[in-house]
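This report refers to the structure that appears directly beneath it.
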Amino acid sequence: MTSSGLSLVRRAAEAVRRTPRWQKRLVFFTVGVGTLTYACQDNQVLQICDGTGKKKKVVILGTGWAGASFLRNIDTSLYDIHVVSPRNYFTFTPLLPSVTCGTVEARSIVEPVRNIVRKRNGAFRFWEAECFKIDPANKKVHCRSDVGTNIDGNGEFIVDYDYLIVSVGARPNTFNTPGVTENCHFLKEVEDAQNIRKSVLKCFERASLPNLSEEERKKNLHFVVIGGGPTGVEFAAELHDFVNEDLAKLYPDVRKYVNISVIEAGGHILTMFDKRITQFAEEKFKRDGIDLKTNFKVVKVSDKDITMTNPATGEIAVPYGMAVWSTGIGTRPIIMDFMKQVGQGNRRALATDEWLRVQGCEDVYALGDCATIAQRKVMEDVAAIFRVADKDNSGTLTVKKIKDVLGDICERYPQVELYLKSNQMKGFHDLLKDSDGNSKELKELDIEQFKKALAQVDSQVKMLPATAQVAAQEGLYLAKCFNRMKICEENPEGPLRIRGSGRHRFKPFRYRHLGQFAPLGGEQTAYQLPGDWVHVGHSTQWLWYSAYASMQFSWRTRMLVVSDWGRRFIFGRDSSSL
């Protein structure tokens, strides 16, 4: 080493020695490997790679449930990980309704992206920007940041990839209803929840002014929730508790003017839950004084009133103080443009196969609300299935031949197993009855009899719901596939290929439903487990607390959420708009 090199090392060592221990700020420059490694204030090491290595580059679009779950479980030592998202944190969205009323603070349900990966080895880069175009032909994504980063100052840059993970989520679906975007709040992001809290308190402050009439006070304190799904119902319940337990003490003179309405286009709320939960929720809302308007369709929203129609009453206009729109999700523009490029222009969501690969392009995967799994139908492949099972090319199938491939068929086509269970069949042999429906089993089946036996199986095909539970499981599944990519290339572990030879590399994605909660206010929550297990009451509320606390991404957010709940019981909710 030259004398100048030694001098540089000595100066760096002296600077490190003189740095106070408590600051824990160490900087190391590694020469020759193109890598800069630095330590954060809590001494956790984060590595940033310049992308010039031989490892494959994985680009992740979005930091929602799907993207964060993938990032949390991917082996970063195997790939160069690059994340592009307009927000540099993950949000625990099930608790957003709690943020609107101060039950939980916004900082308690967000986890910085860099915190998720900084304890892992490997290369990682994050850019706070929005992807506005995907170019699958050239394997590039076009991004735009709010802050100009290039010579022109428009903040646009291009990132190339080897594998692309599309997990940008969805946007609120307004169904092109006039005035919704301009006059309604949504509840998809942390900023939405904070704006709703500010609006609620402003409505109370306006209603408290001395120069208002009684009608004006009623208008300002009429809170309308449009949509009877889980988010809308939970927000209405949270708002009711917030008003009665906290704001009634701060604004006693105007409490009597408060009115909370839930507008639902269908006949009932919480239609995705068991009917017992739906009935309990509607009865509880009626007892609590929440005005539930079912079979009402909103057709227009102005800054003063909401216009809706009902077959019995016709069109009516209702004045309001604040409105929250929670009626479902729609497709983002970037996904609509991408679907046209890959020949999916007539769909509402990006279609993938059972391995989450986008249909129509290579090395692109889609997870979460922006995508849906297009499950292959048995009847589309019945001839190929018959050919695979008929190993000796006899032109007929025996029970033994079918049993030899039954596991692969059920794994590749899960509707087969669902059909057997729903019809209380012990096994695939129950399908092998003669054409007259007698209990006598057929010893051999030709292709036409095989088709007849499977004719009703595809009726069990169901679309997965657009929930956080699905997105998180998809992210975990795909990360495990990427971690085992090299191993499974040599030793495939998936089912038999029906249209080709050999086996698939991985087992297809299978969603496992773990149950769902419906918080209804007043410390009462409904919980539905797979099957026919339904429970409603205060004990379920504590189960809800435990489950949501344990699902947090870190001990930091877990402790913050628990402390927020504890503070609420002791001091009440935070009634500030900050």
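Can you give the net charge of the other residues whose Cβ lies under 9 Å from the Cβ of Met485, counting K and R as +1 and D and E as -1?
Numbers: positive: Lys56, Arg484, Lys486, Arg505; negative: Glu489.
Spelling it out: positives minus negatives among the neighbours equals +3.
Nearest 5 is fine: what % of DSSP beta bridges in region 240-365 come out antiparallel, could you say?
Values: 12 of 16 bridges.
About 75 percent, rounded to the nearest 5.
So if each residue of separation counts as 0.36 nm, and I subtract the Cα-Cα distance between Trp555 and Arg357, what length gain in nm does that give? Please report the intermediate quantities before stating the final value.
Numbers: separation 198, 0.36 × 198 = 71.28 nm, distance 3.32 nm.
The Trp555-Arg357 span can extend by a further 68.0 nm.
Quick one: how many Å² of His513 are accessible to a 1.4 Å probe, rounded to 10?
Taking all protein chains as shown, His513 has close to 70 Å².
DSSP loop chymotrypsin sites (Phe, Trp or Tyr not before Pro) in region 474-536 with at most 16 other Cβ atoms within 10 Å of their Cβ, which ones?
Values: sites: Tyr477, Phe482, Phe506, Phe509, Tyr511, Phe517, Tyr527, Trp533; in loops: Phe506, Phe509, Tyr511.
Listed in order of number, the matching sites are Tyr511.
Peptides 190-200, 204-214: what's the order by average Cβ count within 10 Å, highest mean first? Mind dumping the intermediate values first?
Details: 190-200: 19.1, 204-214: 12.7.
Per-residue Cβ counts within 10 Å, averaged per peptide and sorted highest first, yield 190-200, 204-214.
Report, in listed order, any pair from Lys56/Lys139; Lys391/Lys507; Lys55/Lys340; Lys421/Lys462; Lys297/Lys340; Lys297/Lys462 with a Cα-Cα distance greater than 21 Å.
From the list (Lys56/Lys139; Lys391/Lys507; Lys55/Lys340; Lys421/Lys462; Lys297/Lys340; Lys297/Lys462), the Cα-Cα distance tops 21 Å for Lys391/Lys507; Lys55/Lys340; Lys297/Lys340; Lys297/Lys462.
Can you classify region 156-223 as rounded, prolate or oblate using the Cα gyration tensor, where a ≥ b ≥ c are the square roots of its eigenvalues, rounded means a/c under 1.5, and otherwise it's prolate if a/b beats b/c and oblate if not? Intermediate results must be reported in sequence, preceding the final value.
Values: a/c = 4.26, a/b = 2.83, b/c = 1.50.
In terms of gyration-tensor shape, prolate.
If you take the Cα atoms of region 218-377, find Rg, then find the Kirkwood Rh from the mean of 1/r over all pairs, what is Rg/Rh?
Working: Rg = 20.3 Å, Rh = 18.4 Å.
Rounded to two decimals, Rg/Rh equals 1.10.
Given labels modelled 7 Å from the Cα in the Cβ direction, how far is it in nm from Lys480 to Ile158?
Taking the two extended label points, one gets 3.8 nm.
So if I restrict to the alpha-carbon atoms in region 440-499, what is the Rg, and what is Dmax, the biggest pairwise distance, in Å?
Here Rg and the maximum Cα pair distance are 18.4, 48 Å.
With every protein chain present, what is the per residue accessible area of the chain (1.4 Å probe, Å²)? Spell out each step's value before the answer.
Working: 29640 Å² over 578 residues.
I get 51 Å² per residue for the chain.
How charged is the neighbourhood of Leu187? Take every other residue with its Cβ under 12 Å from the Cβ of Leu187, and add Lys/Arg as +1 and Asp/Glu as -1. Don't jump to the answer; show the numbers that get you there.
Working: positive: Lys188, Arg197; negative: Glu189, Glu191, Asp192, Glu234, Glu238.
Net charge around Leu187: -3.
When the solvent-accessible surface of protein heavy atoms is calculated with a 1.4 angstrom probe, in what order do Tyr419, Tyr161 fall, highest first? Write down the numbers at each step before the final one.
Numbers: Tyr419 35, Tyr161 10 Å².
Correct descending sequence by accessible area is Tyr419, Tyr161.
Can you put Asp381, Asp363 in order of accessible area, largest first, using a 1.4 Å probe?
Details: Asp381 0, Asp363 50 Å².
Sorted descending by solvent-accessible area, the residues read Asp363, Asp381.
Apply the Karplus curve 6.51 cos²θ - 1.76 cosθ + 1.60, θ = phi - 60°, to the phi angles in region 336-353 and return the couplings in whole Hz, x for Gly and Pro.
Working through the residues one at a time gives 4, 5, 5, 5, 5, 5, 9, x, 10, x, 9, 9, 9, 9, 5, 8, 10, 8 Hz.
Given a 1.4 Å probe and heavy atoms of the protein chains only, how would you sort Met322, Met551, Met425, largest accessible area at the top?
Values: Met322 5, Met551 80, Met425 50 Å².
My answer, sorted largest first, is Met551, Met425, Met322.
What 222 nm value per residue comes from the helices of the chain, counting each DSSP H run with n ≥ 4 as -39,500 (n - 2.57) and dividing by all residues, nearest 500 deg cm²/dmol?
Details: 18 runs with 190 residues, N = 578.
Value at 222 nm, helices only: -10000 deg cm²/dmol.
With Rg/Rh (Cα atoms, Kirkwood Rh) as the read-out, I listed [x] 1.03; [y] 0.97; [z] 1.00; which label goes with the value calculated from this structure?
[x]
Give me the accessible area of Thr271, 1.4 Å probe, in Å² rounded to the nearest 10.
Per-residue accessible area (Thr271): approximately 100 Å².
What does the accessible area of Glu411 come to, in Å² to the nearest 10, when a probe of 1.4 Å is used?
Accessible area, nearest 10 Å²: 50 Å².
On the protein heavy atoms, probe 1.4 angstrom, tell me the percent of accessible surface of the chain carried by carbon and sulfur. Walk me through the intermediate numbers first.
Working: 15230 of 29640 Å².
Roughly 51 percent, rounded to a whole number.
The values are calculated or read from the model by the stated rules, or taken from the named source; none is laboratory data. As the structure is a prediction and not an experimental result, all values here were calculated from the model. Glycine gets a Cβ as well: all are built from the backbone with ideal geometry, and neighbour counts include every protein chain shown. To get the accessible areas, we keep the full protein, side chains included, count just its heavy atoms, and leave off ligands, DNA and RNA. Shrake-Rupley method; radii C 1.70, N 1.55, O 1.52, S 1.80 Å.
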